[in-house]
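Below you'll find the structure, written out as structure tokens, and then a few comments.
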Amino acid sequence: MSETAEKLKLELSRLSTKERTELAHFLIHSLDEATRDDFEVLSPEEVAKRARELYNNIIREQVEQEENIGKMVIIDIDTGEYEVDETGLESSRTLLSKNPNGRLFGLRIGYNVAASLGGVMERVYK
């Protein structure tokens, strides 16, 4: 933290609880607005396209091994980071802890779909 920020922190600690609460509320909302403005709005199709490009060009050769077939790979399309687990839930949590505003997309390793409701999941891994 910069020296200026440290000085502000000391001064702000002297404010009343009500004033600190109002200030915290203001700061949190200002971060939300700044974050939204920093991101390019993408359609779900574009998110999927970018995730598949990352998977096919970079991630596939690292994760598509027999022990990972059927597991989920979750990809943060903004950072290119990914995580693998059985359901994708823990991977999503891990990625969001690193990048709370991450745009995540999941793929089932070795299959053409992530899930099937009454249909068939076609294995594409060779």
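The values are calculated or read from the model by the stated rules, or taken from the named source; none is laboratory data. This is a predicted model, so every value here is computed, not measured. Heads up, the Cβs are rebuilt from the backbone with ideal geometry, glycines too, and the neighbour counts pull from every protein chain shown.
Overview of values
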| read-out | value |
| --- | --- |
| Candidate set: the stretch 36-59, residues that are at pLDDT below 90, not basic (K, R) and not in a loop (DSSP other than H, G, I, E, B); chosen: the one nearest to F105 (Cα to Cα) | D38 |
| Filter result (more than 17 Å from D76 (Cβ to Cβ) and small (G, A, S)) within the stretch 95-126 | G110, A115, S116, G118, G119 |
| Matching residues in the stretch 82-126 - criterion: being of a type outside the set (A, V, I, L, M) and assigned to a strand (DSSP E or B) | Y82, E83, D85, F105, G106, R108, Y111, R123 |
